[in-house]
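Read the structure below first, then the notes.
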Amino acid sequence: MRAYLYDDIPYVLLLYAEAASQVEDTGAPVGDQREPHDSGKTVSFETLAELGVVYRQFPIDAEGKWEETIDAFAKERGYKNRDQITVTKEGLGESYESKIKMFFDEHLHEDEEIRYILGGSGFFDVRGFGGAYDDQWIRIAMEKGDLVILPAGIYHRFTVDTANTITAMRLFQDEPKWTPYSRSLKETEEREARAAYINELRQGAKAVGVGA
Ligand code: KMT
Ligand code: NI
């Protein structure tokens, strides 16, 4: 897992750069969400922690010890339930295109989003808040054995990478509350989960002595 600032280079500039051969032509559509968009600016785990994003690594070993590890972790955090999702055309069937679009539409949830990667790879993008990364995309590159917890109320999105496959365990407490509230809807900013999240960030910022 690595986190970095997403290179939010406008599409037209990318087209221009590609035409001028300033960026490598990988054959993928320019500005493709599946490309790494790596600005080269690494974002630290501390920054992620300040945003309430929890990152853990539980390597998937051949003996299957990881299952006990994940069970213990789930128990400790009260995640009683889990299921599995494979983001591929085969895994998602008819709804593939619409799901891919929905995952990448900036949104928040009223509950945590917990994902443990069992295979493949992909990107979770989260929005910075306050400080140097205010409202900027931070891209979290996830692969097998990585676990991430996105707090309720954080704006985020997900995409597979150019390998086009990821399988993840989704953990949750009781009922999954995965309704995505799109940031494109004005009322999303007014949701209680958003207010609670911002409140927590402000208190955290006070605790570590930085202004947010
Ligand atoms: C989500 O909620 O964005 C997803 O479940 C994406 C697939 S998990 C790798
Ligand atoms: Ni989500």
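The values are calculated or read from the model by the stated rules, or taken from the named source; none is laboratory data. Keep in mind that this is a model prediction, so the values were computed, not measured. All Cβ positions, even for glycine, are placed from backbone atoms using ideal geometry, and neighbour counts span all protein chains on display. Just the protein is used for accessible areas: all its heavy atoms, side chains included, with ligands, DNA and RNA removed. Shrake-Rupley method; radii C 1.70, N 1.55, O 1.52, S 1.80 Å.
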Among the residues of the stretch 98-107, is any away from ligand 1 (no atom under 12 Å from the Cβ), loosely packed, with under 15 Cβ neighbours inside 10 Å, part of a helix (DSSP H, G or I) and hydroxyl-bearing (Ser, Thr, Tyr)?
yes
Identify, please: which residue in the stretch 123-164 is small (Gly, Ala, Ser) and on the phi > 0 side of the Ramachandran plot and is, among those, surrounded by the most Cβ atoms within 10 Å (Cβ to Cβ)?
GLY153
Pairs, first closer than 26 Å to ILE198 by Cα and touching a residue at least 40 places away in the same chain (Cβ under 8 Å) in the stretch 31-50, second β-branched (Val, Ile, Thr) and open to solvent by less than 40 Å² (accessible area, probe 1.4 Å), C-beta under 7 Å, six or more apart
VAL43/ILE138
Please enumerate the residues belonging to the stretch 68-97 that are assigned to a helix (DSSP H, G or I) and surrounded by 12 or more Cβ atoms within 10 Å (Cβ to Cβ).
THR69, ILE70, ASP71, PHE73, ALA74, ARG77, LYS89, GLY91, LEU92, TYR96
Scanning the stretch 174-196 residue by residue, those open to solvent by 80 Å² or more (accessible area, probe 1.4 Å) and outside any helix (DSSP H, G or I) turn out to be ASP174, GLU175, LYS177, SER184, LEU185
Test result for ARG157, away from ligand 2 (no atom under 13 Å from the Cβ) and over 13 Å from LEU51 (Cβ atoms)
no
Please count how many residues of the stretch 36-67 are open to solvent by less than 50 Å² (accessible area, probe 1.4 Å), closer than 17 Å to HIS156 by Cα and of a type in the set (A, V, I, L, M, F, W, C).
5
